[in-house]
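Everything on this sheet refers to the single structure shown next.
The values are calculated or read from the model by the stated rules, or taken from the named source; none is laboratory data. Values in this document were obtained by computation on a predicted structure and should not be read as measured data. Note: ideal-geometry Cβ built from the backbone for every residue, glycine included; neighbour counts use all protein chains shown. Just the protein is used for accessible areas: all its heavy atoms, side chains included, with ligands, DNA and RNA removed. Shrake-Rupley method; radii C 1.70, N 1.55, O 1.52, S 1.80 Å.
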Amino acid sequence: MFKSKLRQAVLIMLAMVYSAAADGPAKSHPGNWSRQRAQRPEEQVVRSKTDRAAQGRTFQPDPDMPAFTLPDPLLGADGRRIGTAEEWKTRRRHEILELFRKNVYGRVPDTPYTKSFKVVHQDPQAMGGAATLKQVQITLSRGQASLTISVVLFIPNRAPKPVPAFLLICNRGTENFDPTRERKSEFWPAEEAIARGYAIAAFHNEDVDPDKHDGFKDGAHGLLDAAVRPPDAWGSISAWAWGASRVMDYFETDAGLARDKIAVIGHSRGGKAALWAGAQDERFALVVSNESGCTGASLSRRRFQGKESVARINTAFPHWFCETYKTYNGREDALPVDQHMLIALIAPRAVAVGSAEQDLWADPRGEFLSVVHAGPVYRLFGRQALGPAAMPEIGAALHGDGAHYHIREGKHDLTLSDWQSYLDFADKVFGRVK
Ligand code: GTR
């Protein structure tokens, strides 16, 4: 009895020490991580189901990179420290949102528009009777101009309503969310979600804004932009995030869906959009970033060869972010934010971040560290996020209190194994398992 109490006390002390090491001074020392691994609270580690082959393997050590200091999410613009959840919600959260709008993703214009929803097709016996299919058109109009977002939504028939739902911002072809289910894709494993009692929906990002640099003439920019675009005008990532919020507007009208249990998920560029959607729109209860990388989940200040940089992303995709972001090309240290602050904007809601071992371009460890460094903000709300955890082994997942991280073997992709990890975490977040 005494022995186990003592052991518990020692474990708590160790956890505190390592929590300070991981989160305290917002500074990263590549190479520290193996020391922390040994102290990981084992009960936090849940292995993914489909990735057993890789067990025991750890992610490769960091390549050389310049030292850096992360901005402190809890240091207010006036130099005062944020010490309570209330101060965070009323002050700091808005300051950081503004910094991201002004310097990174851009600002959505406040042009008025009208919105309508139309269920254009419904099948109550889809998937052999397991689900109800709804195809919904969301039309956004300004004067004579309009754009339509086509949503495919399956709702499980045999689950008590309302049900939680996953919304995918799909940045691959529409065949990935085939309403007929003749074509099935791991990118959007609808049957799996339905079997587990979740509704699952998707829309194509290019319905909202085509993924090409056309001078912002088409899509949501063509619809809403003023004649002259200011340096902080929104880019395509912001437009896709805005699209996810318009789908959420529809979800709120659908009695089959639990409006307080909606997850937004995206892969890669779609993951960047999912994070920005979840950061701004507090109606999303769970925000999932799959391999979102640069200007998604990974820390921009980690600069090593083989990883996407701010200069590179702004050059290859000049339409994704606001013009001001380009002034940080090669100057990551001058950014008033880093991506842990984007994760922090989701607090105290749940966040899940997934990486793939071979996806160095997206910087798996940088994605993990963003979640770790958002921890102090979660703790204002009494949540632990990932706590003192170190990067899990390849094929393992950390299901923390409010935050999830996993890394699987393989390449840049959104796979069934990733989805299973997110669904397992959602079960926990939405109280479906203890
Ligand atoms: C890459 C880009 C990444 C990522 C990826 C994707 O070319 O550099 O930032 O978004 O595309 O979306 O698959």
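Miscellaneous remarks
- In the context of the full set of protein chains, residues of the chain present 40 Å² of accessible surface per residue (probe radius 1.4 Å, heavy atoms only).
- A Cα-only calculation for the chain places Rg and Dmax at 21.1, 76 Å.
- Virtual spin-label span in nm between residue 304 and residue 115, 7 Å along Cα→Cβ: 4.2
- For the chain, relative contact order (Cα pairs under 8 Å, six or more residues apart, normalised by length) works out to 19 percent.
- Our helix-only sum for the chain, with -39,500 (n - 2.57) per DSSP H run of n ≥ 4 divided by its residues, gives a mean residue ellipticity at 222 nm of -8000 deg cm²/dmol.
- Cleavage-rule hits, trypsin sites (Lys or Arg not before Pro), the stretch 325-377, DSSP coil, Cβ neighbours within 10 Å at most 14: 331
- Cα→Cβ-extended label distance, 7 Å offset, between residue 145 and residue 412, nm: 3.2
- Inter-label distance for residue 57 and residue 87, nm, one decimal - labels placed 7 Å from Cα along Cα-to-Cβ: 4.6
- A straight line joining the Cα centroids of the stretch 360-382 and the stretch 238-306 runs 16 Å.
- Under 15 Å from residue 261, Cα to Cα: aspartates and glutamates that are on another chain or at least 8 residues apart: 249, 252, 281, 282, 424, 427
- For the chain, the fraction of 1.4 Å probe accessible surface lying on carbon and sulfur atoms is 54 percent.
- Choice from 158, 101, 379 showing the highest fluctuation, given a GNM over the chain with Cα pairs closer than 10 Å: 158
- Residue separation of residue 245 and residue 195 scaled by 0.36 nm, minus their Cα-Cα distance, works out to 15.4 nm of gained length.
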